[in-house]
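Beneath this line is the structure, given in structure tokens, with notes to follow.
The values are calculated or read from the model by the stated rules, or taken from the named source; none is laboratory data. It should be emphasised that the depicted structure is a prediction, and the values quoted were computed from it without experimental measurement. Glycine also receives a Cβ, built like all others from the backbone with ideal geometry; neighbour counts cover every protein chain displayed.
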Amino acid sequence: MITIFGRQQGTRRGFCDGVSRRNFLTIGGMALGGISLSDALRAESAAGTGSSHKAIINIYLPGGPPHLDMWDPKPEAPAEVRGEFSAIETRVPGIFVSELFPRMAEIMDKFVLVRSLADSDGAHDAYQCMTGRRKGSRQPPGGWPSGGAWVSKMAGQVTPAVPANVALMYNTGNRTWGEAGGGGFLGVAHAPFNLVGREARSKPENMTLNGVTLEKLQDRTSLMKSLDRFRRDADQRGQMESLDVYAQQAMGILTTSRLVDALDLSREDPRIVARYGQSSEAFQRDGAPPMVENLCVARRLVEAGARFVSLNFSRWDWHGPDGMNFPKCREECPRLDQGLAALVTDLHERGLDKDVSVVVWGEFGRTPKINSNNSRDHWPQANTAVLAGGGMRTGQAVGATNRYGEQPQLRPVQFQEVFATLYHCAGIDAQNTRVFDLSGVPQYLVDQGNQPLHEVI
């Protein structure tokens, strides 16, 4: 694994060794640890390369976003349910969203609102948004693969320079909000290749490029000098002899520049970057930072060759005694609104809207009735997801909750149905494709009976 540290940021908050939270980057690390870049390349060599570049961007909102205050407003409900925000019309007649999402409203013809997610697990955990399955469900030997692992296995890599399954999942104080899932019984070769981190890892297999910061990655002379120093040090310790051809190829990925260039927003048109807005680098308590620029990075990673990109965005758990639900909505929702609208507009302008699917969701919704802290508590009975791209029939709402947003009233939808839809858009037949688990039992990407959403495909 190759680890690159950001420069020290003066008085900005960082790690105990002075490394900035925002600028710490791990090339080759896994959200769950265990696989090196050389392993991924070895797997790519065995599996072959996919023929078409379909891709999925999975945007996870840790903590349970309040569905009534975002994408399922109830303007006719009493104040203790309706909340503080008005509902606004969108480009699609009959579809209303919160006033905090005016940019999405303007291009609602490019979105699908799934307003009737009915099987939220109820735990503060990214697991269901990463796998489609309840964490407490029966696990095959080795565990269930994440959605990205399935795509990596089924489709393979577009290019050896970029792993098929990558993540921009920050390690969070609440650990489960920062996990992009694993390879499960498919193996660590298909686990997420995580590109961001919160703390330095001290595993002996790390390759640390001392003196190379993220800001200097484009300085090829400095980069090559650092690599040369590493090779000399490794030769002196007798380590280079133990590196097989895949490990050497892994080191060469940095010099090919494709992955690094995708992460470098300075190479993007400044006018495009500005569309996404500007976020704070501060972590939101035990959640992730609201790094809206990562939505642009996700698009760049897809263009570079990634097939599945997972990312966590901010923190959406606001029901404590501080009563922060409505103030935090005013802070976080406009940021998300701008970023999502920019991403989807970007995909359409680049002609990627038929190939790249986007999903946005959290682990559960929020109580329709406002609590004594002027906030909303956990509510797994109803949840909302947003879809875009992938050649889907957009400009519609699938399903509906009852008049108070308490539970699905029309067309209850399962998480696995959403994943089946994403797999379908990625060119993968989730119902008829099977892989044998570690005990020799055939397993499908989704449980039998979970079909893609017929309304959108």
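Structure notes:
- For segment 362-384, the tally of residues that are crowded, with 24+ Cβ neighbours inside 10 Å and either in a strand (DSSP E or B) or acidic (Asp, Glu) (or both) stands at 5.
- Among residues of segment 347-371, those that are among the hydroxyl-bearing types (Ser, Thr, Tyr) and touching a Pro at 6+ places or on another chain (Cβ under 9 Å), counted: 1
Yes/no per residue for (1) out of contact with any Ser or Thr (no Cβ under 6 Å at 6 or more places or on another chain); (2) assigned to a loop (DSSP other than H, G, I, E, B); (3) of a type in the set (S, T, N, Q); (4) at pLDDT 95 or above:
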position	(1), (2), (3), (4)
GLY63	yes, yes, no, yes
ASP72	no, yes, no, yes
VAL114	yes, no, no, yes
GLY136	yes, yes, no, no
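- Which numbered condition GLN139 fails, given (1) out of contact with any helix residue (DSSP H, G or I) (no Cβ under 9 Å at 6 or more places or on another chain); (2) surrounded by fewer than 24 Cβ atoms within 10 Å (Cβ to Cβ): (1)
- Filter result for GLU417 (under 22 Å from the mean Cα position of the chain (by Cα), of a type in the set (Asp, Glu) and within 25 Å of MET108 (Cβ to Cβ)): yes
- Residues that are of a type outside the set (A, V, I, L, M) and farther than 27 Å from PRO290 by Cα, drawn from segment 153-189: LYS153, GLY156, GLN157, THR159, PRO160, GLY184, PHE185, GLY187
- Checking segment 399-411 against the condition returns a match, with at least one residue being of a type in the set (S, T, N, Q), farther than 22 Å from HIS53 by Cα and not in a loop (DSSP other than H, G, I, E, B).
- Residue in segment 307-334 that is surrounded by the most Cβ atoms within 10 Å (Cβ to Cβ), counting only those that are in contact with a strand residue (DSSP E or B) (Cβ under 7 Å, 6 or more places away or on another chain) and assigned to a loop (DSSP other than H, G, I, E, B): PHE313
- Selection count where residues are more than 20 Å from ALA382 (Cβ to Cβ) and either assigned to a loop (DSSP other than H, G, I, E, B) or free of Cβ contacts under 8 Å to residues at least 60 places away in the same chain (or both), scope segment 91-112: 6
- Test for ALA304: is it of a type outside the set (Val, Ile, Thr) and either surrounded by fewer than 21 Cβ atoms within 10 Å (Cβ to Cβ) or within 18 Å of LEU168 (Cα to Cα) (or both): yes
- Those residues of segment 259-287 which are hydrophobic (A, V, I, L, M, F, W, C) and modelled with pLDDT of 95 or more, in sequence order: ILE272, VAL273, ALA274
- Residues of segment 336-371 that are within 18 Å of PHE85 (Cα to Cα) and over 18 Å from the mean Cα position of the chain (by Cα): GLY365, ARG366, THR367, PRO368, LYS369, ILE370, ASN371.
- Subset tally (residues that are more than 15 Å from ASP346 (Cβ to Cβ) and surrounded by 12 or more Cβ atoms within 10 Å (Cβ to Cβ)) for segment 268-284: 6
- Residue selected from segment 412-444 under the condition outside any strand (DSSP E or B) and among the polar types (S, T, N, Q), by the criterion surrounded by the most Cβ atoms within 10 Å (Cβ to Cβ): THR421
- Residue match in segment 130-139 (condition: without any contact (Cβ under 8 Å) to a residue 12 or more places away in the chain, among the charged types (D, E, K, R) and on the phi < 0 side of the Ramachandran plot): yes
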